[in-house]
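The values are calculated or read from the model by the stated rules, or taken from the named source; none is laboratory data. These figures come from a predicted structure and were not determined experimentally. Cβ: placed from backbone, ideal geometry, glycine included. Neighbour counts: every protein chain shown. We work out accessible area using only protein heavy atoms, side chains counted, and drop any ligands, DNA or RNA first. Shrake-Rupley method; radii C 1.70, N 1.55, O 1.52, S 1.80 Å.
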Amino acid sequence: MRAHRFKQLAILLAIAALPAAAQSQSARHGTRDGVAVKATPLARSAVLSFYLARGFSAEAIAPYADACALSFEVQNNTKKPLRLRLADWRTGGAAGSISFRLPESWEDEWTRRGVAGPARIAFRWAQFQSELEFAPGDWIMGMATLARRPDGAFRLTIPYTLDKRKHEITLDRLACAAAD
Amino acid sequence: MTAVPGTPGAPPLALPDIDGKTLDLSTLRGRLVLVNFWATWCPPCRREFPSLSRLQRLFKPAELAVLAVNVGEDAETIFSFAGASDVTILLDRDSAAMRRWPVKGLPSTFVVDRKGRLALRAVGGREFDDAAIVAQLRGLLRL
């Protein structure tokens, strides 16, 4: 029970750490059999301020800030190992099928743009990682960007494997943060 | 925290502390060592950080050492957040040490047993002085 309260407090703290512009966006939650997902659209200003403080130049981080960026939180409240791959996540609905741009692709871009080491370290570990395995009780947060901005609201399907069985969680009516 | 299958040997870890003095994990053999990878910009890391000091105070130094390995930040940034702490803060400026550990995200925490093996792990924030975690550590001390 205490661990659960701690998670709730940590989530509130994480949200409070984001600038007001990011908090105004609508988060979406999904749960299934003890697996919980939360997605929060991130405002461009929030993304910029975070990465500028980590050593990026405004010019270097611009393509990431201009993308549709979301913060994800995934909790494994089951008693089984949970696996997921960001490459499997897709939008649906009127937006069509859009995948996520993986962190490795962004890191290639930072190499091309000559982004310095400390900024790249912060970037790497602030992302939702491409492949994750969660033990029971684990939870993790991270940012991710869609490969292109959808027009309007979209549905996001998140497949995962729980104890070798495939499942998915769908988040409806997600939207990218409005440009600011 | 979750048991690490097969209890493999802990990867090497030798890093400077906030005063520039190098600490090598291998010199702590015979004690439990809790290794926490963190950064000041990571909200769950900030939230759990005080519980690392509280955990350290529940054990004798000869029983448990808590190492908080900061990833990618400078001493000034770390000190402005952590101040005077009961845990040993190590600086992994280029994240080279962390890359040798099975870290999947921040915060990630491992417990190295008295024989130098990875015994427990946790991904995501915890309250480390929680009774269940303290009991797990006391159990490892009895092995």
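Keeping to the range A:22-61, report how many residues are on the phi < 0 side of the Ramachandran plot, small (G, A, S) and exposed (fewer than 15 other Cβ atoms within 10 Å of the Cβ). Walk me through how you get there before you give the answer.
Taking the range A:22-61 first, the residues on the phi < 0 side of the Ramachandran plot are A:22-32, A:35-54, A:56-61.
Subsequent filtering for residues that are small (G, A, S) retains A:22, A:24, A:26-27, A:30, A:36, A:39, A:43, A:45-46, A:49, A:53, A:57-58, A:60.
After this cut, where a residue has to be exposed (fewer than 15 other Cβ atoms within 10 Å of the Cβ) as well, the list is A:24, A:26, A:53, A:57-58.
Result for the range A:22-61: 5.
Could you check the range B:5-30 and list, in sequence order, the residues that are touching a residue at least 24 places away in the same chain (Cβ under 8 Å), in a loop (DSSP other than H, G, I, E, B) and farther than 13 Å from B:K115 by Cβ? So that I can check it myself, show each step before the final result.
Of the residues in the range B:5-30, the ones touching a residue at least 24 places away in the same chain (Cβ under 8 Å) are B:7-18, B:23, B:25-26, B:28-30.
Add one more test, that the residue is in a loop (DSSP other than H, G, I, E, B), and what stays is B:7-8, B:10-13, B:18, B:29-30.
Of everything in the range B:5-30, those that are touching a residue at least 24 places away in the same chain (Cβ under 8 Å), in a loop (DSSP other than H, G, I, E, B) and farther than 13 Å from B:K115 by Cβ turn out to be B:P11, B:P12, B:L13, B:I18.
Specify the residue that is most open to solvent (accessible area, probe 1.4 Å); the eligible residues are those in the range A:99-126 that are within 14 Å of chain B (Cβ to nearest Cβ) and among the small types (G, A, S).
Applying the filter and picking the extreme gives A:A116.
Can you say whether B:R117 is surrounded by 16 or more Cβ atoms within 10 Å (Cβ to Cβ), at pLDDT 95 or above, in contact with a strand residue (DSSP E or B) (Cβ under 6 Å, 6 or more places away or on another chain) and not hydrophobic (A, V, I, L, M, F, W, C), as far as the supplied structure shows? Reasoning before the result, please.
Details: surrounded by 16 or more Cβ atoms within 10 Å (Cβ to Cβ): no; at pLDDT 95 or above: yes; in contact with a strand residue (DSSP E or B) (Cβ under 6 Å, 6 or more places away or on another chain): yes; not hydrophobic (A, V, I, L, M, F, W, C): yes.
So B:R117 does not fit the description; no.
When the range B:103-129 is examined, which residues are found to be in contact with a Ser or Thr (Cβ under 8 Å, 6 or more places away or on another chain) and in contact (Cβ under 8 Å) with a residue 24 or more places away in the chain? Break it down stepwise before answering.
Taking the range B:103-129 and keeping what is in contact with a Ser or Thr (Cβ under 8 Å, 6 or more places away or on another chain), we get B:113, B:116-123, B:126-129.
The answer is B:D113, B:G116, B:R117, B:L118, B:A119, B:L120, B:R121, B:A122, B:R126, B:E127, B:F128, B:D129.
Looking only at residues that are part of a loop (DSSP other than H, G, I, E, B) and modelled with pLDDT of 95 or more in the range B:56-92, which one is nearest to B:G125 (Cα to Cα)?
Taking the range B:56-92 and keeping what is part of a loop (DSSP other than H, G, I, E, B), we get B:59-63, B:72-74, B:83-87.
Next cut, modelled with pLDDT of 95 or more only: B:59-63, B:87.
Values: B:F59: 21, B:K60: 24, B:P61: 23, B:A62: 26, B:E63: 23, B:V87: 17 Å.
Ranking the candidates gives B:V87 first.
Residue by residue, here is whether (1) out of contact with any strand residue (DSSP E or B) (no Cβ under 8 Å at 6 or more places or on another chain); (2) assigned to a strand (DSSP E or B); (3) farther than 30 Å from B:F128 by Cα; (4) at pLDDT 90 or above holds:
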{"site": "A:K7", "(1), (2), (3), (4)": "no, no, no, no"}
{"site": "A:L13", "(1), (2), (3), (4)": "yes, no, no, no"}
{"site": "A:H29", "(1), (2), (3), (4)": "no, yes, no, yes"}
{"site": "A:A36", "(1), (2), (3), (4)": "no, yes, no, yes"}
{"site": "A:V47", "(1), (2), (3), (4)": "no, no, yes, yes"}
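Just to check your reading of the model, which residue among B:L55, B:L28, B:L64 is more than 14 Å from chain A (Cβ to nearest Cβ) and within 12 Å of the chain's Cα centre (by Cα)? Even if it seems obvious, please write down each step before you answer.
Values: B:L55 fails: more than 14 Å from chain A (Cβ to nearest Cβ); B:L28 fails: within 12 Å of the chain's Cα centre (by Cα).
After applying the criteria, what remains is B:L64.
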